[in-house]
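The values are calculated or read from the model by the stated rules, or taken from the named source; none is laboratory data. Quantities reported herein were computed from a predicted structural model and do not represent experimental measurements. Every residue, glycine as well, gets a Cβ built from its backbone with ideal geometry; the counts of neighbours run over all protein chains shown.
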Amino acid sequence: MNLASLRLVVALVALVLAGVVLALVFFDRMAPPPPPPAPSPQARNLGQWQPANARGEPVALDFIDGAGAARSLAEWRGRVVLVNLWATWCAPCVEEMPALDRIAARLGGPDFDVVAISVDRQGAAVVAPFLGKLGLTRLATYLDPSNAAVRVLGAPGLPVSVVLDREGRELGRVLGAAEWDSPAFEALLRRAIGS
């Protein structure tokens, strides 16, 4: 085999390899993207009622009100309480707040209350104006800038809402935003109040 023939063979092999590489790149781009990872069990249940497995001890949770006075969930014993953890920077929380305000207006009284606790580190300075800006009239300013409530309630993220019975024990929870004033959630809360 002479040098000219060898060069021709090398050139043909190089062309074939280049064609294979181009074909692989082309077909790789034509392949459908891989499926997204399966959502975690918690993500699949976002916005859905998750009943408590068993009623444990009453939830012991301390926080402060908008004036800086110490408050405790023990003050609400005798009522069914919807405890909501939220923050002004949390978009799903902001979306959920009007529904919480409406259900507080509809069901609030001696048998039921909504206790929406902000975990904003800046406290009342950002929370009170924020509630006013949204036009929320039934939700009081409650604060936990230490984030202790997140640990006490075992919240994996925000928002999280926990419904407590009249003794302060957890009946169930919702991870993520929920339409609390929807017929389904209102019926659930009315059943809790009636039991």
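Structure summary
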item	result
Some residue of the stretch 145-161 being touching a residue at least 60 places away in the same chain (Cβ under 8 Å) and over 20 Å from the mean Cα position of the chain (by Cα)	no
Members of the stretch 90-128 that are under 16 Å from ARG71 (Cβ atoms) and of a type in the set (A, V, I, L, M)	VAL114, VAL115, ALA116, ILE117, VAL119, ALA124, VAL127, ALA128
Top-ranked residue in the stretch 144-195 [being at pLDDT 95 or above and of a type in the set (S, T, N, Q); ranked as farthest from ASN53 (Cα to Cα)]	SER182
Restricting the stretch 156-176 to residues that are touching a strand residue (DSSP E or B) at 6+ places or on another chain (Cβ under 9 Å) and in a loop (DSSP other than H, G, I, E, B), the residue that is surrounded by the most Cβ atoms within 10 Å (Cβ to Cβ)	PRO159
Matching residues, the stretch 177-192, being of a type outside the set (Phe, Trp, Tyr), surrounded by 15 or more Cβ atoms within 10 Å (Cβ to Cβ) and out of contact with any Pro (no Cβ under 9 Å at 6 or more places or on another chain)	GLU179, GLU186, LEU188, LEU189, ARG190, ALA192
